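Structure record follows, encoded as structure tokens.
Taken together, the values in this text are just the output of simple stated rules run on the coordinates, not laboratory data. As the structure is a prediction and not an experimental result, all values here were calculated from the model. Please note: Cβ atoms are built from the backbone with ideal geometry, for glycine as well, and neighbour counts cover all protein chains shown.
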Amino acid sequence: MPFSTPKLILHGLRRTALGAALLLASPAQAEPLLDDAKLLLTGGVTSVDGASGGGLATWSTIAGRGSERAIGISAHVTGIALPDYGWQSHGLALGIHDRVELAYARVNFDTRAVGAALGLGRGFRFNQDIFSAKLRLVGDLVYGPALLPAIAVGAAHKRSLDGAIVRAVGAAAAKGTDFTVSATKLLLSRSILVNATARLTRANQFGLLGFGGGKQRGRTVQFEGSLAWQASRRLALGGEFRTRPDNLGIAQENDAFDLFAAWAPVRNLTVTAAYVDVGSVATFKGQRGALLSLQAAF
Amino acid sequence: MGRTMKGIRVIAISAALMLSAASLHAQQAPQEPPPEAAVDWDKEFGVTEKTRDPVTGELPVDPYVQSNANAGAAPFKGDGMARAFGGKDGIRRIAQSTVARSEADPRIKAIFEKHDMGRLRRTLFEQFCYILNAGCDYTGRAMPPSHKGLGTTRADLNALVENLQAAMRENRVPFAAQNRFLAKLAPMDRHVTERGEKRLLPRR
Ligand code: HEM
């Protein structure tokens, strides 16, 4: 047979093998659901409200280590030791396509001896659940125009689990929802991260003492600012400021601030240590202490 | 009978794949073309053979207008950054180490296969050297056409940035200077990546 079919087939097969190899080598292969692809520290740590950000402030970061074509998850536990109180919180967060964040956090606030003084019993705990959602509207923390920050809106629905008691303390409600707008940018040229957040809230002591009160029933706009210096890929040092409403008639509430160090010893773990000052809590003044938070993120 | 059918099917499938394979990549002519058919398969498929530059070993690219503007960022002023990067020698080591790390990085190595890495080592060095104001001109292509068709993502970009950071660390570039350099590259993200954010909801 003059027409050399076998050779043609062989030639075709050789090309086929090459084509298959190229297809396999092309980046358009199945993408992982969890890609663990964010740059270190750029998913933030977990704030006292369970949303990603700094320690006190909610940032426009999206939790977890997923990039814009994957999801990310994070889990945290935080302890704050204050002169008269103990704070313990833990929670989970899900980040979707670096665009949407859904988070849950549980806060347990130990009143120790204060509990007895307030007639609640020694070691009485105020407990709270926080369900939050955040949507990044535009911008990016790291990439894109240097002067366009990541801008996000968020809502945090907080439910005190001690309704009768917070009402007895003078709170107008045991449930409340905060709304936030935040802008966050890592200014690479200066190794500085800047965040500004406006929060519409009526939470008393982050919601632990309920919502609204005799002095102020409704929501007010509060401000959260953070400034951090990226000392290395793994270490950021900074400070934060958070104004808070003063709603309750019986006790004064002050603004809060912190000084923090966030350290990522390995890719999936961030340790945050901070000095925190929340001022007066339920008439006990000078509540300054130490915060330690561990976050695992994928 | 069954055999013939099978043979025909194989021919049909391989012909279809040949087409796709040929359009994907240039390659050698078959060693022994069918004599009487005398088909020049390369011509048939529009394949032109590229010859490497005898001096540099680089493959030719489609013509483009050379300009420092192709580097995609304005250079730093003064010589502070060039010094922080160890001058031209340091910058060359950093560019080459970035490429070597990326070629070996399981996350992104596939993207670099079949590309002219000699050219990339040279042009990446020139780009870094130009932006760091260390006395080079950038002779490569602009970022969007250079990365067209690669299918790169933000995750790939972050992997490359980590490799660049490792290369800068290895060459003892202070962290603040590393970030200042990254500040020049960060705004290029949408020019060097192709597949953006995955949609949350399927298109209706
Ligand atoms: C800001 C980040 C980046 C910069 C500054 C950059 C720079 C460059 C430069 C200067 C070239 C050579 C242009 C030329 O040949 O004329 C190039 C080509 C290339 N880059 Fe990038 N690149 C970046 C991101 C990426 C990423 C994330 C990937 C994939 C992981 C990638 C993969 C490639 C490949 C495969 C080529 C060769 C293309 C070809 O052979 O035609 N680059 N890049």
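What to note about this one:
- Distance (nanometres) between label positions extended 7 Å along Cα→Cβ at B:ARG52 and A:LEU237: 5.1
- From its DSSP helices (H runs of at least four residues, each -39,500 (n - 2.57)), chain A gives a residue-normalised ellipticity at 222 nm of -3500 deg cm²/dmol.
- Built amide H within the under 5 Å cut-off of A:GLY279, gap 5+: A:GLN287
- With R₀ fixed at 22 Å, the C-beta to C-beta distance from A:LYS285 to A:TYR104 puts the FRET efficiency at about 0.10.
- For region B:40-137: relative contact order, % (alpha-carbon pairs under 8 angstrom, 6 or more apart): 35
- Under-5 Å amide H pairs with B:GLU58, H placed in peptide plane, nonlocal only: B:ASP53
- Once Rg and the Kirkwood radius are both taken over the C-alpha atoms of region A:33-297, their ratio Rg/Rh works out to 0.97.
- Footprinting exposure proxy for B:LEU160, A:LEU56, A:LEU120 (fewest neighbouring C-beta atoms within 10 Å first): A:LEU120, B:LEU160, A:LEU56
- Region A:137-206 and region A:61-90: distance between their alpha carbon centers, rounded to Å: 14
- Averaging the sequence gap over all C-alpha pairs within less than 8 Å and six or more residues apart, then dividing by the number of residues, gives chain A a relative contact order of 15 percent.
- Built amide H within the under 5 Å cut-off of A:LEU209, gap 5+: A:ASN204
- Applied to region B:179-190, the Karplus parametrisation 6.51 cos²θ - 1.76 cosθ + 1.60 on θ = phi - 60° returns per-residue 3J(HN,Hα) values of 5, 4, 5, 4, 4, 6, 8, 4, x, 7, 3, 6 Hz, with x for Gly and Pro.
- Derived scalar couplings ³J(HN,Hα) [region B:166-178; Karplus, 6.51 cos²θ - 1.76 cosθ + 1.60; whole Hz; x for Gly, Pro]: 4, 5, 5, 4, 4, 9, 6, 7, x, 4, 4, 6, 4
- Fraction in percent of alpha-carbon pairs per bin - 10 Å, region B:114-189: 15, 51, 31, 2
- Considering only B:GLY80, A:ALA256, B:THR123, and ranking their Cα positions along the charge dipole of the protein assembly as shown that arises from unit charges at the beta-carbon of Lys, Arg, Asp and Glu, the one farthest toward the positive end is A:ALA256.
- Cβ-Cβ distance of A:ALA155 and B:LYS198, R₀ of 25 Å, FRET efficiency by 1/(1 + (r/R0)^6): the value works out to about 0.60.
- The mean of 1/r over all pairs of different alpha-carbon atoms in region A:143-217, once inverted, gives a Kirkwood hydrodynamic radius of 14.2 Å.
- On a per residue basis, the convex hull of the C-alpha atoms belonging to the protein assembly as shown measures out at 184 Å³.
- Of the peptides A:256-266, B:179-189, the order by per-residue mean of other Cβ atoms within 10 Å, starting with the highest, comes out as B:179-189, A:256-266.
- Long-range lysine pairs (8 or more apart or interchain), chain A, Cα under 27 Å: 11
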